[in-house]
Amino acid sequence: MSDSPVTPPSDAARPPLLPPGHPPARLTVLSGGVGGARFIQGLLRLIERTGSDTTVTVIANTGDDIWVHGLKVCPDLDTVMYTLGDGIDTERGWGRREETWNAKEELAAYGVEPTWFGLGDRDIATHLVRTQMLEAGYPLSAVTAALCKRWEPGVELLPMTDDRVETHVVIDDPETGERRAVHFQEYWVRHHAEVAAHAVVPIGMDAAKPGPGVLEAIRDADVVLVPPSNPVVSVGTILAVPGIREALAATAAPVVGVSGIIGADHVHGMARQLLGVIGVEVSAAGVAEHYGARSSAGLLDGWLVDTVDGGSVSRIEAAGIRSRAVPLWMTDHDATADMVAAALELAR
Ligand code: GDP
Ligand code: CA
């Protein structure tokens, strides 16, 4: 037996341990619209506060996209872009600040449907640029990059796919009583998610491919963050793009999420109805179990719940997901930055 001491692993080979809450170099976020954008604002505040050299890549849901009046509208991409580019109407949470609605009124005066979809005059300019570029043959990812040149969101914003995917919801038509599939926007905006819904169907998903850079952003990330975005029609839709789940399973990066459900109810938004449609318990623990532990072919290594849900931490950990309870209200950028720091802490 040799008496030479066991060589400790070289410190040089190990990445330096960052101070708590200090974001690592490469973060990737799977985002919906409003909830995702607010989360990213907090993340950017944390990066600013810690002075860290971090690049953020956002993979955004495009299942909400819709063609209206000949225009391609991408609600979640635009919400993230306008919010981070300081062009959002903060009261409404979507669309442009200082908006006017002349075009919408004129279209309604012609009796052209749909009249329920909010298309502001300033916003229309974005959709005109996008539609023209798409018709000239540019993929949505290139169009998004071009639009972001103006807005400088401070993140790399990637559509989950360049292919056309549209989330539809099977509802009981309130007028005819018949069961039919409507675009998610019609369910959400026109019917306020108040009609009976039976299924959520992402049309076009089978043939969709991840957009350029999406799989690489998951593979090369230091941490993948799942904001409190809608688990069904935002995060769920991104996860359904063929190849994305496999990339999340394979990445060396921990995957950590934040609950959008606080207490027995959802936070602003209508996640409740959609979780019901897919048979998921409307609670922070219910959503964690629905996503599942990465160690058992699920999504998550870690899951933050709000302090009011502290009692469900042990249930979530029993499912193989690290969990902690911290305040999850995104009341301002600093509160959200603290929340993101806790998520990164959980990923360490
Ligand atoms: P959408 O595409 O505009 O619906 O936005 P997302 O899907 O990105 O996020 C919507 C979800 O964000 C809602 O269903 C809420 O559950 C969640 N959310 C909104 N505000 C807050 C908040 O302050 N804290 C937490 N934890 N979740 C929130
Ligand atoms: Ca959305």
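The values are calculated or read from the model by the stated rules, or taken from the named source; none is laboratory data. Note that the structure is predicted; figures quoted are calculated from it, not measured. Here the Cβ positions follow ideal geometry from the backbone for every residue, glycine too, while neighbour counts run over all protein chains shown.
Details
- Considering residues of region 304-326 that are among the charged types (D, E, K, R) and under 23 Å from the mean Cα position of the chain (by Cα) only, the residue nearest to Y291 (Cα to Cα): R322
- Restricting the first member to region 224-243 and to residues that are closer than 12 Å to V214 by Cα, and the second to residues that are within 10 Å of ligand 1 (Cβ to nearest atom), the beta-carbon pairs closer than 6 Å and six or more apart or on different chains are I238/L30; I238/N61.
- All positions within region 272-297 that are within 21 Å of L344 (Cα to Cα) and exposed (fewer than 15 other Cβ atoms within 10 Å of the Cβ): S295
- Top-ranked residue in region 208-257 [being within 16 Å of ligand 2 (Cβ to nearest atom) and either of a type in the set (K, R) or in a helix (DSSP H, G or I) (or both); ranked as surrounded by the most Cβ atoms within 10 Å (Cβ to Cβ)]: T237
- Taking region 66-87 as the range and being on the phi < 0 side of the Ramachandran plot and surrounded by fewer than 22 Cβ atoms within 10 Å (Cβ to Cβ) as the test, the residues that pass are I66, W67, V68, L71, K72, G85, G87.
- Scanning region 17-53 for residues that are away from ligand 2 (no atom under 16 Å from the Cβ), closer than 30 Å to R92 by Cα and outside any strand (DSSP E or B) returns Q41, G42, L43, L44, R45, L46, I47, E48, R49.
- When L328, L300 are checked against the criterion of being buried (at least 20 other Cβ atoms within 10 Å of the Cβ), away from ligand 2 (no atom under 16 Å from the Cβ), in the same structural domain as P228 (by TED's automatic domain parsing) and under 26 Å from R219 (Cα atoms), L300 stands alone in meeting it.
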